[in-house]
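Each remark here refers to the structure printed beneath this line.
The values are calculated or read from the model by the stated rules, or taken from the named source; none is laboratory data. The model shown is predicted, which means the values in this text are computed figures rather than measured ones. Virtual Cβ from ideal backbone geometry, glycine too; neighbours counted across all protein chains shown. Heads up: the accessible areas ignore ligands, DNA and RNA and are worked out on the full protein's heavy atoms, side chains in. Shrake-Rupley method; radii C 1.70, N 1.55, O 1.52, S 1.80 Å.
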Amino acid sequence: MSRKAGPSVSNIPEQLRYTSEHEWIQRLDTAPAGPGAAVVRVGITDHAQDALGDIVYVALPEVGAAVAAGDSLGEVESTKSVSEIFAPLAGVVVARNNVLDGSPELLNSDPYGAGWFVEIEIADPAQLEGLLSAEAYAEISGG
Amino acid sequence: MSAADTTAATAAPRRTALYDVHVSLGAMLTDFAGWLMPLRYTSESAEHRAVRSAAGLFDLSHMGQIDVVGPEAAAALDYALTGFISLVKDGRARYTMICAPDGGVIDDLVVYRLGGERFLVIANASNAAAVFAALTERVADFDTTATLRADAALIAVQGPASAAIIEAAIGRTVEGLPYYASQDAIIDGEAVLLARTGYTGEDGFEIFCPGPAAARLWALLTSLGSDAGLIPAGLSCRDTLRLEAGMPLYGNELSLSGTPYEAGLGRVVRLDKPSDFVGRAALAERGTAPVRTLVGLHGLSRRVPRHGFAVLDASGAVIGEVTSGAPSPTLGYPIAMAYLDAAHAGVTEVAIDIRGSAEPAQVVPLPFYKRA
């Protein structure tokens, strides 16, 4: 993993959606329980993990927790700081990445893959349209 | 944002002589005490482990280097500082403090006696101006001058492999250079001051050199040390290394509002020296009954105590405050230093208020880590 002094080019996959809180959202093909609902996977961006430094602990919500957009989903502790994770969309947590309990460093090494946080079933998929495109996120993250 | 903040935000941070080296290494840079310094180059945990197991290479050129020179330099420093500096032998160094008249700590310092009438005082970057101003004022009545070095660099090599790397650099043994001592040396034709000091809890060396030579010496040390596992190391790991070693950081454990006694460093206040010194009367009084005491905490949950968090007793009452905290890379659990009110100095089990939840912690002796 390399980090550059000054503006760095971080990895921002085209197919994902983003928030200004440096989280990514991926719509999954998983069949939702509710009619008209959708399931999304949530994590933090490469830019976010790079800024945080070595991550040593991740606290995630339990499956079944109902969250409103902007609610705290948990927290990420790195050597130097702690950051809150915010729910990007309203819904119910349907999966949490238990692997992070024992291997929080996956957030650093694979933020868009093995380092995902939770999956949320959102009742209203129209919420997805309010998220940032990869291009828009690249602009605000300086990537 | 206030007017003062605006000024601070627009003043460009200073660059050390090694700035271009840090950029070429891809360092993540941070504004630290008005200097643009490397926070980390790759992973701060990997850099921390390299210093514990092999060696790390640090740029410490932001620290204040103040020459105090003159026939009365020793007496002047005895008056200006808490330490008994006139007892320090040529070529030796002393950890000491400079206090305000009320006993509060202006800064913690390392003083090197370079020889006879020549001393080198090293101050924290954030306090360099304040220390220089206080020293200038305090030595004014002595036949002594204080000078803040400009364009001076400081490179540290820290870790168990550092002695072998330094020996390769100077072409001779370092056996005659004990801990907290310094000597003149030549590295790659450059005259430097080589000191066996540091802030990591490991054996280590600090090289004081002219700024223009710093990049060349850095490159040489990198090539001499890389086989042994030496890597560049940033300020982030420097902080976790010193925390594990139980060493205080100014602004965290030390401040103008506290005395050395509260920080467990009463040994640096030499009330036994015959001469008067700034802060003497206040320290003699405040030392007899410190209002708080510095302790080590071992966090029993995975959440990390941080600077400013409240320490609670079993009933949930606030009995102190965390001064520094981090996940310890060496120990694998959260550690912290905290001030406890004197009335609670004997407690062994406490809790830390981590964002509203009381996380248990055990009071443990300092340091957390001691090299074998």
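Checked against (1) touching a His at 6+ places or on another chain (Cβ under 9 Å); (2) open to solvent by less than 60 Å² (accessible area, probe 1.4 Å); (3) within 12 Å of chain B (Cβ to nearest Cβ), A:Ala59 passes all but a single condition, namely (1). Applying the set (1) without any contact (Cβ under 8 Å) to a residue 60 or more places away in the chain; (2) closer than 19 Å to A:Thr19 by Cα to A:Ser141 leaves exactly one unmet item: (1).
Residue by residue, here is whether (1) loosely packed, with under 14 Cβ neighbours inside 10 Å; (2) touching a Phe, Trp or Tyr at 6+ places or on another chain (Cβ under 8 Å); (3) within 14 Å of A:Leu107 (Cα to Cα) holds:
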{"position": "A:Gly36", "(1), (2), (3)": "yes, no, no"}
{"position": "A:Ile44", "(1), (2), (3)": "no, yes, yes"}
{"position": "A:Ala51", "(1), (2), (3)": "no, no, yes"}
{"position": "A:Asp54", "(1), (2), (3)": "no, no, yes"}
{"position": "A:Ala65", "(1), (2), (3)": "no, no, no"}
{"position": "A:Pro88", "(1), (2), (3)": "no, no, no"}
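Residues that are closer than 30 Å to B:Ala336 by Cβ, surrounded by fewer than 19 Cβ atoms within 10 Å (Cβ to Cβ) and aliphatic (A, V, I, L, M): does segment A:68-84 have at least one? Among the residues of segment A:68-84, at least one is closer than 30 Å to B:Ala336 by Cβ, surrounded by fewer than 19 Cβ atoms within 10 Å (Cβ to Cβ) and aliphatic (A, V, I, L, M), which makes the answer yes. Only one of the numbered conditions (1) under 19 Å from B:Leu249 (Cα atoms); (2) away from every other protein chain (no Cβ under 14 Å); (3) among the aliphatic types (A, V, I, L, M) is violated by B:Ala76, and that is (1).
For segment B:336-348, check the following and say yes or no: at least one residue is within 12 Å of B:Glu244 (Cβ to Cβ) and at pLDDT 95 or above.
Yes, because at least one residue in segment B:336-348 is within 12 Å of B:Glu244 (Cβ to Cβ) and at pLDDT 95 or above.
Of all the residues in segment B:284-308, those that are within 14 Å of another protein chain (Cβ to nearest Cβ) and within 22 Å of B:Tyr261 (Cα to Cα) number 2.
Could you tell me whether B:Arg242 is within 14 Å of chain A (Cβ to nearest Cβ), part of a helix (DSSP H, G or I), under 28 Å from A:Asp54 (Cβ atoms) and not aliphatic (A, V, I, L, M)?
Criteria met by B:Arg242.
In segment B:58-132, counting only strands (runs of 3 or more DSSP E) that sit wholly within it, the ones holding 2 or more residues that are of a type in the set (Ser, Thr, Tyr) span B:93-99. At pLDDT 95 or above, in contact with a Ser or Thr (Cβ under 7 Å, 6 or more places away or on another chain), crowded, with 18+ Cβ neighbours inside 10 Å and not charged (D, E, K, R): does that describe B:Ala169? Taking the combined requirement at face value, the residue does not satisfy it. One residue stands out among those in segment A:97-111 that are closer than 25 Å to A:Asp29 by Cβ and out of contact with any Asp or Glu (no Cβ under 7 Å at 6 or more places or on another chain): the one that is surrounded by the fewest Cβ atoms within 10 Å (Cβ to Cβ), which is A:Asn98.
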